[in-house]
Each structure stands twice: as C-alpha cells, then as structure tokens.
Ligand SMILES: C[S@@+](CC[C@H](N)C(=O)[O-])C[C@H]1O[C@@H](n2cnc3c(N)ncnc32)[C@H](O)[C@@H]1O
Ligand SMILES: [Zn+2]
C-alpha cells in the first residue's frame, strides 16, 4: 500500500491513492510545487532548526534537512503518521527528533528555545496554531511557512466564517483571491503586534485550493508599529469596478469614478506581499522552472499594491469586447501608469490606474 516517491533530492514512502483525509497518512503529490518553493526559501534563510508541525509523511521536514541543511523536528498527532515518519527518517539516514503531540502543545514546548523556521501545513487554516508558533519562533529573522486551504471563507463565499476565523470581512469581487491573501497577511500582523513583534511577508501566493505565506519576524515596537501602518480597509464599487484602500476614518462616501455606492472589505494588508530581493534569491536557489516563473511574476507584482483588475470582468461590466491583455497594458503604460501581470489571474492586470476600459 505504501509506495516509494521522490521529490527534489529526497526519497520517501507515502500511501498511494487519491489525496483525501481518508488516506492512512495524508500525502498530496500536487503540493510538490509548493514544497520545491519552500526548499528554495529555506535555503535563502540559511539553515538552523526547523519544525514541521503537521508533518504527515514528514516530507516537508525531510526536504528541509536534506536539501536545505536544517536540523529538524517532525511532529504529527497521528500514530500511523509517526510510524511512517520514523521509516522515512531511517531511509534518508538523517538525524531528526520525532514527536507525536497536538500541534499547539508541541509548539508550546519550544517557548524558551527559539527556532529558526516553522512550517504549519494543515487541512484548513494554520491560524489555530499561529499564536503558539509566535511563542516558539526566533524574534529576529525567523521564518514562518504557513498554509491555508480555506479559500471559500477568504474569498467571500462564507463571510461569517471569515469573520470568526480572521476577524475580517471578505468581498466577492473579480479579485476576491487577492483580498483573501491580504486578509490572511493582515490577520497575522494583527495577531503578532501584541508581542511587540512583527511579521513581514517575504513571499505569498495563491494556487488552486490553497494560500501560502512566508513571513519573516522582526523584533521590537518600532517595526511592530510600522507593520500596523500597512493594515487598512478596501472600498469597492460594484458599478464601475473602482477600488481603493482607506483607513476607517478616511472612508469615501461615494465612488470617486461614478458616484455609486461603495462596499468594503477588511481589515487587510495593503502593503507589498513579497520581498523583491528574496524573489531574486529564489531564482538563484532553485532549478525548478515553474518555481522560477512564479518568483519572477510575484516580484514584478510588487510595483503596485492595489488589487488587480480582471480584464474579462471589466469588459463585461462596460459591455465591450475584451481587448488583448498585452495591448491594454501597453496603452496603460503609454498613459504614464504602471501595469504588470499577476499570478492570481490569467486575464488580470495590476495597475495604479483607475478602471481603464
Ligand atoms: C495536510 S496534512 C500534512 C501534509 C504534509 N505536511 C505534506 O506536505 O505532505 C496535515 C497533518 O496534520 C495532522 N494533524 C491534524 N491535526 C493535528 C493536530 N491537532 N496536531 C498535530 N497533528 C495534527 C494530520 O494527522 C495530518 O498528517
Ligand atoms: Zn463606481
């Protein structure tokens, strides 16, 4: 029933079959892309101790050890998972600490024993273990690698769930995914500030059914205050697709483009969602073509922090045929505004221009 798999430079056993919770130990081959990216980012951070909090087969931790040189601690509450983790550690001839604890209890044991990197890769959202991770991570230059698969709440399909989980209001716009990504980062920032600590998104992205954040810690109140300066709200006009960030006391009454009613989302992160220098390092630290593609796309996106426009949606709204993306971007740039593509949408344009059709 177990099969031998290989990812990057690491061989390991995992159950074959469809990646569902019904597997004796969870393993999803489709997430290999994210594990390749995570290895590249871990390499850029230069090693140390890494916790794989929800390890499953142990593959994330194993790859951190073998391909990025980390000392690892692998944890999973499931006895079947721990049995398989032991087998995989032995097969790879690495030394690793293995634990079978609840994620939060596990993380709390590192309270006075700061670690360099913590990966939380759950079914659902990392947010239920986030506070515990903050207590364990080192306060300067630590790396949090976080998965959230709850795209429905974050993208506005279940508003109440998003409010409970992230204390934020999502919105069902054509760029709902970007709002989801920004709500996630914003929630992390707001949960971190109380410790006079800050987190900064060095890389974040959405792919299919999941969001993934890579946050770097910085110590001290000055940086924590600076971080909170990036928390904002979003106002959106469903009539003309205008959108803008606003602090609550600066909410606009009406749409500045068409005078229509404005809806809102947030609080959310209105700053950059990746560090351009880290993106360049990712390019150096991996040979994976798709990882390189994502890293250079995400780097280019950091020029503009306003959510992208979906050309398809905008042309439908204006009842005109959809123009070619490259032509439209050229036209926007000729008008002196910025225009880039986005990894979040094939027909998306990120620009500091007002609705441009
Ligand atoms: C999505 S899987 C991890 C997949 C793995 N990281 C990978 O890349 O293949 C989530 C894992 O968390 C474990 N788990 C669920 N709840 C937990 C908890 N409260 N504490 C510890 N482990 C938990 C499950 O047994 C499962 O193996
Ligand atoms: Zn409007």
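Structure notes:
- Of the residues 26, 106, 33, 110, the single one that is surrounded by fewer than 24 Cβ atoms within 10 Å (Cβ to Cβ), within 12 Å of ligand 1 (Cβ to nearest atom) and not in a helix (DSSP H, G or I) is 26.
- Of residues in the stretch 237-257 being touching a strand residue (DSSP E or B) at 6+ places or on another chain (Cβ under 8 Å) and more than 9 Å from ligand 2 (Cβ to nearest atom), the one farthest from residue 355 (Cα to Cα): 248
- Among the residues of the stretch 196-229, the ones that are at pLDDT 95 or above and not in a strand (DSSP E or B) come to 11 in all.
- Exactly one residue out of 193, 187 is part of a helix (DSSP H, G or I), modelled with pLDDT of 95 or more and within 18 Å of residue 141 (Cα to Cα): that is 193.
- Among the candidates 272, 260, the residue that is within 11 Å of ligand 2 (Cβ to nearest atom), part of a loop (DSSP other than H, G, I, E, B) and either touching a strand residue (DSSP E or B) at 6+ places or on another chain (Cβ under 6 Å) or at pLDDT 95 or above (or both) is uniquely 260.
- Checklist (1) in contact with a helix residue (DSSP H, G or I) (Cβ under 8 Å, 6 or more places away or on another chain); (2) surrounded by fewer than 20 Cβ atoms within 10 Å (Cβ to Cβ); (3) on the phi < 0 side of the Ramachandran plot applied to residue 141, failing item: (3)
- Options 76, 150, 121; residue that is within 30 Å of residue 242 (Cβ to Cβ), buried (at least 21 other Cβ atoms within 10 Å of the Cβ) and within 16 Å of ligand 1 (Cβ to nearest atom): 150
- Just so you know, in the stretch 136-155 the residues that are more than 14 Å from the chain's Cα centre (by Cα) and in contact (Cβ under 8 Å) with a residue 40 or more places away in the chain include one that is nearest to residue 111 (Cα to Cα), and it is 136.
- Residue 232 being within 25 Å of residue 152 (Cα to Cα), part of a loop (DSSP other than H, G, I, E, B) and modelled with pLDDT of 95 or more: no
- Count of residues meeting criterion [out of contact with any helix residue (DSSP H, G or I) (no Cβ under 7 Å at 6 or more places or on another chain) and not in a helix (DSSP H, G or I)] in the stretch 120-138: 5
- Filter result (part of a loop (DSSP other than H, G, I, E, B) and either closer than 22 Å to residue 230 by Cβ or touching a helix residue (DSSP H, G or I) at 6+ places or on another chain (Cβ under 8 Å) (or both)) within the stretch 276-332: 286, 288, 302, 303, 304, 305, 306, 307, 308, 321, 322, 323
- Every condition in (1) in contact (Cβ under 8 Å) with a residue 12 or more places away in the chain; (2) farther than 28 Å from residue 161 by Cβ; (3) more than 17 Å from the chain's Cα centre (by Cα) is met by residue 306 except one, and the failing one is (2).
- In the stretch 235-244 there is no residue matching the filter, namely being closer than 30 Å to residue 188 by Cβ, over 25 Å from the mean Cα position of the chain (by Cα) and modelled with pLDDT under 95.
- The number of residues in the stretch 58-76 that are part of a strand (DSSP E or B) and closer than 19 Å to residue 105 by Cα comes to 4.
- Residue check for residue 195: buried (at least 22 other Cβ atoms within 10 Å of the Cβ) and away from ligand 2 (no atom under 16 Å from the Cβ): no
- Pairs, first over 22 Å from residue 129 (Cα atoms) in the stretch 162-180, second modelled with pLDDT of 95 or more and in a helix (DSSP H, G or I), C-beta under 6 Å, six or more apart: 171/179; 174/313
- In the stretch 1-23, the qualifying residues are those that are under 25 Å from the mean Cα position of the chain (by Cα) and part of a loop (DSSP other than H, G, I, E, B), and the one that is nearest to residue 100 (Cα to Cα) is 21.
The values are calculated or read from the model by the stated rules, or taken from the named source; none is laboratory data. Because the structure is a prediction, the values reported are computed rather than measured. Reconstructed Cβ throughout: ideal geometry from the backbone, glycine too, with neighbour counts over all protein chains shown.
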